[in-house]
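Here the structure is laid out as structure tokens; the discussion comes afterwards.
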Amino acid sequence: MKIKVLGSYGSEGQGQRPSALLVDDRVLVDAGTVGGACSVAEQVEVEYALISHAHFDHIAGLCFLTDTLAMLAPERRVTACGLGPVLDSLRTHVFNDIIWPNFANIPNPKNPVLAFRPLAEEGEARVGELWVTPIQVEHTIPTSGFIVHDGETGFVFSGDTGPTRKLWQAAREMRGLKAVIVETSFPNRMDGLARASGHLTPEMLKRELDKAPPDVPVWVYHVKPQLYQETAEELAKIDSARIHILEQGKTYTL
Ligand SMILES: [Zn+2]
Ligand SMILES: [Zn+2]
């Protein structure tokens with residue numbers, strides 16, 4: 001399995017893109033950025049977008065991807081997959097012909113460039129060549145993490161979350177787990193903000209890892225670019241052998 005890091009941050013900075021991973025060239029895991037990291041030829045190969053939740057830093061790239069498809073490859077389609085309430089938010093608040101065109105009707109409602117496919121919570125679903133299980137996590141709006149597997153190896157993706165439990169339980173039961181991809185957003189001094197907004201600090205991550213499967217590499221994403229240095233230094237102090245901040249632009253192989 002190949003994971004390309006299109007964007008690894010919890011917001012936008014100069015050259016720092018919001019969170020998105022591309023698995024085996026076909027499946028996005030969140031879509032904070034797409035066109036900022038992929039050529040048009042790469043964009044039209046994307047078939048699915050697993051969306052953890054509807055916050056803008058996880059969907060902005062999906063808006064522009066549908067625009068690219070409508071103009072340059074209207075015969076292609078990207079299917080947004082996620083929990084029902086997440087997809088409802090996208091339909092109601094984003095692709096509503098106000099904030100952005102309703103690309104689920106473009107070029108026509110029968111063969112649109114955007115489709116929505118709800119996934120059952122804790123149910124395993126076939127998404128392209130992958131197996132995907134959404135697990136609810138703790139954020140300010142309906143949000144899931146994902147367990148992603150290709151039949152041999154896989155990873156856990158936390159989505160945006162504060163301290164959580166079910167995801168780690170599922171991760172411990174998973175076979176072929178090669179990496180835990182988990183958010184950390186704010187430095188330790190912003191503990192109050194992290195708790196209020198459903199995010200982790202390095203100190204909170206440390207406690208989460210006590211619940212996670214041991215001996216699995218931990219890849220951090222979603223650090224706020226405005227607070228990157230401070231957060232990265234605190235992460236390095238926890239366990240620099242095990243914890244690695246995902247490098248934007250890099251492709252990881254499991
Ligand atoms: Zn976010
Ligand atoms: Zn969020």
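Read-outs: derived from the displayed coordinates by stated rules, not from any lab. Quick caveat, the model's predicted, so the values are computed rather than measured. Here Cβ is always computed from backbone atoms with ideal geometry, including for glycine, and neighbour counts include all displayed protein chains.
What the Cβ-Cβ distance of H244 and R195 gives, at R0 = 22 Å and to the nearest 0.05, is a FRET efficiency of 0.30. Computed per residue of the chain from DSSP H runs no shorter than four, each worth -39500 (n - 2.57), the mean residue ellipticity at 222 nm is -6500 deg cm²/dmol. The 3J(HN,Hα) values that the Karplus relation (6.51, -1.76, 1.60; θ = phi - 60°) gives for region 223-228 are, in residue order, 5, 5, x, 5, 10, 4 Hz. Gly and Pro appear as x. Taking each of K4/K110; K2/K250; K4/K237; K178/K206; K166/K250 in turn, the alpha-carbon distance tops 21 angstrom for K4/K110; K4/K237; K166/K250. The simple Förster model, with R0 at 22 Å and r as the Cβ-Cβ distance, assigns K237 and T153 a FRET efficiency of 0.15. Taking V40, V113, V223 in turn, the Gaussian network model of the chain (Cα-Cα springs below 10 Å) assigns the largest fluctuation to V40. Antiparallel beta bridges, as assigned by DSSP with both residues in region 1-52, represent about 70 percent of the total such bridges.
Computed from the Cβ-Cβ distance with R0 of 22 Å, the FRET efficiency linking E203 to R172 stands at 0.50.
Restricting to the chain, what percent of DSSP beta bridges are antiparallel, rounded to 5?
Here the antiparallel bridges make up roughly 50 percent for the chain.
Legend: ranking of residues D97, D30, D160, D25 from fewest to most surrounding C-beta atoms inside 10 Å; resulting order D97, D25, D160, D30.
Distances between placed amide hydrogens fall under 5 Å for C81 paired with A49, L50, I51, R117, all partners being 5 or more residues away or on another chain. Computed over the Cα atoms of the chain, pair by distinct pair, the Kirkwood hydrodynamic radius stands at 18.0 angstrom.
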